[in-house]
Amino acid sequence: MTVHNAVSADHAGRIQTGNSGLDSILHGGLVRDGFYLLQGHPGSGKTTLAFQFLIHNHQQGERVLFVSMTETQNDLRMVALSHGWSLDGINILDLTASEENLKADAQYTVFHPSEVELGETTRTILAQIEEVKPTVLVFDGLSEVRLLARDPLRYRRQMLALKQYCADHGITALALDDRASAIQDLQPESLVTGNISMEIHAPQYGAARRRLRVTKYRGSPFDGGFHDYEIRRGELVVYPRLVAREHRRAYTPEAAPSGVTGLDEMLNGGLDRGTTTLIMGPAGVGKSTVAMQYVATSLGRGEHAAVYTFDETLGTLMSRSEKLCTGGLGSFLESGLLSIQQVDPAEMSPGAFADRVRETVEGGARVIVIDSLNGYMNAMPEEHFLAMHLHELFTFLNQQGVLTIVIAAQHGILGAMQAPIDISYLADSVLLLRYFEADAEIRQAISVFKKRSGAHERTIRELRIDGKGLEVGEPLLKFRGIMGGVPHYNAPMPGSGQAQPI
């Protein structure tokens, strides 16, 4: 399970949810003796999160009770079994089918059935609470209470009475609401200490995306906004939204050389740590090879590096990069110095990806490569504000002193090209790669368009990639038009005094 650093809190006044990500969002957990609302449509994971809450606190020595009006005890045990959980020690009150309501003489002629049933249900719940004396309570059935109450005033009074009863008896309660029924002009959030809203969205392609947010937390700070989460076997993992300003670490600014003489000359010594570099160019021009050159050099210095590949399989990336590193990359993978993770398209949310990168950095990574921005966008086609996600991610990495390299494939081979999204303003350095033709041969060129952290060469040099590795030649002083894809040789044509087209 992913573990996040929750804000320290007074444990006498807090109770943890059993979910480290949610506890981090809540700045330490739930305030004791509060009455909390957990809202979400069916399938969003309310029951899973509630079981995490109960099981964790049972293990901490709390007395716990689960009151269910929507799922039978057998259904609840099947949910627990699917996660590999044991419900031993978890008291369950099943109110889904009361035997009294099934008897032949249970016919109400004077009172409306709901008036009698709500009173019976309330007495049954209170009797069970008096018997178990729980300190932690999960109540799954607010939608059923709304149906029994029939009108907003009665429902509001019932909710306030339950809230006050829990407070008087030292019970921290979590009420689940599936939003299946509603009473007009009633906002249940106004009745509770805190409210957590869970959402599920099915994109046109790929796995369902889930996110939650805390909309209210009376008397306590919390991290607002949406936070992605996933349901796995054995856990519901919450990924707190990455806020770069909360993660700062002192580091020594220094240049990280590539190990390629010509490239380091262009960059005045190399790329600086704590910066983000964008490598742009058409498909196959050598962007990934340039990025992996920095990875290989950092590994040679004994630094930890991580690569996230959206476009290539692990085997292809390894075979293509073997020549860049003495002895190959396999030994570095085995030692743990190199981490390569293949990200499956349409299976990961931005929050999950940011959390994975964050874990790697906290594990000591000094160089991060994201290959590529195109794959990142294709993996998350319906996500909005991807540029803002990237801004927070890049800022976080920069503040950790990490050298970040992002690859973007531009559309086209020659002439004017476009990137899928313009994030050049987010990058501290921009390397541009291009094809050009000379002597009836397709060649590659590299140039530095931007470097915020220091001086850089403004020349265009030839990039050569062969069986020996990567090499950057001398500046192409006699060419013009390379960036436009139609290069010309500047030497005059014999007897004309004009430049000679290639």
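The values are calculated or read from the model by the stated rules, or taken from the named source; none is laboratory data. The structure displayed is predicted, hence computed values, not measured ones. Positions of Cβ are backbone-derived with ideal geometry, glycine not excepted, and every protein chain shown enters the neighbour counts.
Here are the numbers:
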read-out: Restricting segment 153-168 to residues that are surrounded by fewer than 16 Cβ atoms within 10 Å (Cβ to Cβ) and out of contact with any strand residue (DSSP E or B) (no Cβ under 9 Å at 6 or more places or on another chain), the residue that is farthest from residue 53 (Cα to Cα); value: 153
read-out: Where a residue in segment 68-93 is more than 22 Å from residue 143 (Cβ to Cβ) and its partner, wherever it lies, is crowded, with 16+ Cβ neighbours inside 10 Å and of a type in the set (Asp, Glu), with Cβ under 9 Å and at least six apart; value: 83/235
read-out: Count of residues meeting criterion [within 35 Å of the chain's Cα centre (by Cα) and assigned to a strand (DSSP E or B)] in segment 437-468; value: 6
read-out: Hits in segment 216-269 (condition: outside any loop (DSSP other than H, G, I, E, B) and of a type in the set (Phe, Trp, Tyr)); value: 217, 229, 239
read-out: Subset of segment 76-101 [at pLDDT 90 or above and surrounded by 14 or more Cβ atoms within 10 Å (Cβ to Cβ)]; value: 76, 77, 79, 80, 83, 85, 87, 90, 91, 92, 93, 94
read-out: Output for segment 35-46, where each listed residue is within 10 Å of residue 178 (Cβ to Cβ) and not in a strand (DSSP E or B); value: 41, 42, 43, 44, 46
read-out: Where a residue in segment 353-375 is at negative phi and its partner, wherever it lies, is charged (D, E, K, R) and part of a loop (DSSP other than H, G, I, E, B), with Cβ under 8 Å and at least six apart; value: 366/273; 366/303; 367/303; 371/311; 371/312; 372/311; 374/311; 375/311
read-out: Failed item in (1) at pLDDT 90 or above; (2) assigned to a helix (DSSP H, G or I), with residue 305 passing the rest; value: (2)
read-out: Any chance residue 316 is of a type in the set (S, T, N, Q), surrounded by fewer than 19 Cβ atoms within 10 Å (Cβ to Cβ) and under 17 Å from residue 370 (Cα atoms); value: yes
read-out: Any hit, segment 151-162, residues being closer than 17 Å to residue 94 by Cβ, part of a helix (DSSP H, G or I) and more than 36 Å from the chain's Cα centre (by Cα); value: no
read-out: Positions within segment 271-296 being touching a Ser or Thr at 6+ places or on another chain (Cβ under 6 Å) and over 10 Å from residue 405 (Cα atoms), in sequence order; value: 272, 293
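Residue-wise test of (1) in contact with a Phe, Trp or Tyr (Cβ under 9 Å, 6 or more places away or on another chain); (2) basic (Lys, Arg); (3) within 22 Å of residue 356 (Cα to Cα).
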| position | (1), (2), (3) |
| --- | --- |
| 188 | yes, no, no |
| 193 | yes, no, no |
| 196 | yes, no, no |
| 201 | no, no, yes |
| 212 | yes, no, yes |
| 218 | no, yes, no |
| 222 | no, no, no |
| 228 | yes, no, yes |
| 231 | no, no, yes |
